[in-house]
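The values are calculated or read from the model by the stated rules, or taken from the named source; none is laboratory data. Just so it is clear, the structure is predicted and the values come from calculations on it, not from any experiment. Heads up, the Cβs are rebuilt from the backbone with ideal geometry, glycines too, and the neighbour counts pull from every protein chain shown.
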Amino acid sequence: PGHIFPLLKKLQQECDRQAEAITNQFTNKRDFYAKIKSIQQISSSKSSTANLERIDPRTLDVLLGEIVLMNSRTELYFRFLKNQVVADMEVLPDENKPEDMQKFLEKLITDSGLSRKMQEIIGSYIIMEEFYMRETVNKAINFDTFEGDDDEAVTSSMVDDVFFIIKKSLRRVITSASVDGACAMMNHAR
């Protein structure tokens, strides 16, 4: 008991090395940065989108789900670290407990390569999720169908479709366990 800090430091260094390899492979195989660049170009150019390669929101849907899964697992790992430190410190007598334990742990986590890389990926995720919402809502509006005969009241499926899309995006970002990401998407959903 009480010797968990040096172990965590070594563990986090190895975790950062492995996480870098995994995230690099993920971003390369999924053309992550190319998609972000295309989305940013499409979003910034209002009129001449014909020249730019369109990204199908359905392909983004899978990628967004994978990003959310990666981030939720990262947050689960960080919670595990915090719980281990708390459990280790609880068994120590008060005079042996380090005063800056919480500060050290927060610094270890926020300064880790894994944390920085996931913040970068979540930043891009927000851009992609906003694009996904905007494009799928536009499709729902363009493909709106009316139900009912001339004599009956006419109803539209568009409202249901739009609410489904927004609900799906908000659920996905909440699942990511990223507070900043959830706040950003809540603002975009307004």
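Which one is nearest to ILE109 (Cα to Cα) among residues in the stretch 24-47 that are part of a helix (DSSP H, G or I) and touching a Leu at 6+ places or on another chain (Cβ under 8 Å)?
Taking the candidates together, the pick is PHE32.
Only one of (1) at pLDDT 85 or above; (2) acidic (Asp, Glu); (3) assigned to a loop (DSSP other than H, G, I, E, B) is not met by GLU120, so which one is it?
The one condition GLU120 does not meet is (3).
Determine which single condition ASP100 fails, assuming it passes every other condition in (1) at pLDDT below 75; (2) under 21 Å from LEU8 (Cβ atoms); (3) surrounded by 10 or more Cβ atoms within 10 Å (Cβ to Cβ).
(3)
Are any residues in the stretch 133-173 at pLDDT 70 or above, hydrophobic (A, V, I, L, M, F, W, C) and surrounded by fewer than 16 Cβ atoms within 10 Å (Cβ to Cβ), and if so, which ones?
Once the filter is applied, which keeps residues that are at pLDDT 70 or above, hydrophobic (A, V, I, L, M, F, W, C) and surrounded by fewer than 16 Cβ atoms within 10 Å (Cβ to Cβ), the stretch 133-173 yields ILE141, PHE143, VAL159, PHE163, PHE164.
Considering only residues that are of a type in the set (Gly, Ala, Ser) and modelled with pLDDT of 75 or more, which ones fall in the stretch 46-69? Write out each step before concluding.
We begin by selecting, within the stretch 46-69, every residue of a type in the set (Gly, Ala, Ser); these are 47-48, 50, 65.
Matches in the stretch 46-69: GLY65 only.
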